[in-house]
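The next block holds one structure in the form of structure tokens; read it before the comments.
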Amino acid sequence: MIQSAIPVLSVTDSIRAEDYYCRVLGFQRMFAYRPAPEASDPCYLGVARDGVFLHLHSFKPERAGKTDAFLWVTDVDQFHAEITQRGAICQLPPTDQTWGNRETHIRDPDGNVLCFAKAG
């Protein structure tokens, strides 16, 4: 029945968000919908990395920074090293959690938190 889920994160500036998610976090832009093509915002943007999709939108900028997303990775330390080298905003460095996961928490420029984790 249910095959997948895609987190949808609110952002205030689609150009800045696309740059951060693509250049810093290593995602690729899959699509961008702008009702007014001459304006950068509002925008509904899809990005993907390693078969994982995120959607970002600036239609409700007042909701920016109020969302978390949880993503499984194969190696938290390697992923953390890769993205922090490119300027990722680290809220929590790779940490072994008491519930068994190893996690790193990364903020986007609007304050949304992405938890990248590997099960222990």
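Quick note: the coordinates plus some simple rules give every number you see, no bench work behind them. Just so it is clear, the structure is predicted and the values come from calculations on it, not from any experiment. Neighbour counts are summed over all protein chains in view; Cβ atoms, including those assigned to glycine, are modelled from backbone coordinates with ideal geometry.
Listed conditions (1) surrounded by 13 or more Cβ atoms within 10 Å (Cβ to Cβ); (2) assigned to a strand (DSSP E or B); (3) free of Cβ contacts under 8 Å to residues at least 60 places away in the same chain; (4) of a type in the set (A, V, I, L, M, F, W, C) are all met by A69, apart from (3). Filtering D50, D41 for residues that are acidic (D, E) and out of contact with any helix residue (DSSP H, G or I) (no Cβ under 7 Å at 6 or more places or on another chain) leaves a single hit, D50. Restricting attention to the stretch 94-116, the residues being farther than 21 Å from G65 by Cβ and in a strand (DSSP E or B) number 4.
Here D77 clears all of (1) assigned to a strand (DSSP E or B); (2) in contact with a Pro (Cβ under 7 Å, 6 or more places away or on another chain) except the condition numbered (1). Pairs meeting the criteria (first residue in the stretch 1-21 and of a type in the set (A, V, I, L, M), second residue surrounded by fewer than 19 Cβ atoms within 10 Å (Cβ to Cβ) and in a loop (DSSP other than H, G, I, E, B), beta carbons under 6 Å, at least 6 apart or on different chains) are L9/T67; I15/S40. For the subset of the stretch 76-120 comprising residues that are within 29 Å of P61 (Cβ to Cβ) and among the aromatic types (F, W, Y), which member is surrounded by the most Cβ atoms within 10 Å (Cβ to Cβ)? Filtering the stretch 76-120 for residues that are within 29 Å of P61 (Cβ to Cβ) and among the aromatic types (F, W, Y), the one surrounded by the most Cβ atoms within 10 Å (Cβ to Cβ) comes out as F116. Considering the conditions (1) loosely packed, with under 15 Cβ neighbours inside 10 Å; (2) closer than 20 Å to K118 by Cβ; (3) not hydroxyl-bearing (S, T, Y), P7 is excluded by exactly one of them, (1).
Scanning the stretch 1-48 for residues that are part of a loop (DSSP other than H, G, I, E, B) and acidic (D, E) yields a count of 3.
Scanning the stretch 76-120 for residues that are among the polar types (S, T, N, Q), under 24 Å from D19 (Cβ atoms) and over 13 Å from the mean Cα position of the chain (by Cα) gives Q78, T84, Q85, Q91. For the stretch 21-66, filtered to residues that are within 18 Å of S4 (Cβ to Cβ) and touching a Pro at 6+ places or on another chain (Cβ under 8 Å), the residue that is surrounded by the fewest Cβ atoms within 10 Å (Cβ to Cβ) is H55. One residue stands out in the stretch 10-20 among those that are surrounded by fewer than 21 Cβ atoms within 10 Å (Cβ to Cβ) and of a type outside the set (A, V, I, L, M, F, W, C): the one that is nearest to A48 (Cα to Cα), namely E18.
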